[in-house]
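Some notes on the structure that comes next.
Laboratory data are not the source of any read-out in this text; all were calculated from the coordinates shown. Please read all numbers here as calculations on a predicted model, not as lab measurements. All Cβ positions, glycine included, derive from the backbone under ideal geometry; neighbour counts span all protein chains shown.
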């Protein structure tokens, strides 16, 4: 019985010390964390879209902006823009199936 009490006490101490270590690591990482800044902002950037096209949907995904353009001829274009630099990464042309 005495061995069981010692084992339970040691395991309790291990749990408390382990919790303290985890809390200290989390606190240390939060203290070193860089505050959000506007250092990564880009200058004013123009993105050209076809004349008379309209933006039907806009989605932000991680560091990308995705635009769904409705074209006047009935087609759609998907435009992908990098939010870090503001550059147009590419366009996917969607054509209606006849």
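Think of it as helices only: each DSSP H run of n ≥ 4 in the chain is worth -39500 (n - 2.57), and spread over all residues that comes to -11500 deg cm²/dmol at 222 nm.
Normalised by the number of residues in the chain, the average gap of Cα pairs under 8 Å and 6 or more apart makes the relative contact order 17 percent.
Which of the three applies to region 54-94, rounded, prolate or oblate, going by the alpha-carbon gyration tensor with a ≥ b ≥ c and a/c under 1.5 meaning rounded? Since a/c reaches 1.5 and a/b is larger than b/c, the shape of region 54-94 is classed as prolate. Residue exposure proxy: 32, 54, 88, ordered by other Cβ atoms within 10 angstrom of their Cβ from fewest to most, comes out as 32, 54, 88. Axis of helix 2-32 versus longest Cα principal axis of the chain: the two differ by about 30°, to the nearest ten degrees. Sorted fewest first by neighbouring Cβ atoms within 10 angstrom, 1, 11 come out as 1, 11. A simple spin-label model places pseudo-atoms 7 Å from Cα toward Cβ; at residue 47 and residue 9 they are separated by 6.6 nm.
The ranking of 71, 30 by Cβ neighbour count inside 10 Å, starting from the fewest, reads 30, 71. Please compute the contact order of region 54-94 in relative form: average sequence separation of alpha-carbon pairs under 8 Å and at least six residues apart, divided by the residue count, as a percent. Dividing the mean separation by the residue count of region 54-94 yields 30 percent. Computed from the alpha carbon atoms alone, the convex hull of the chain holds 176 Å³ per residue.
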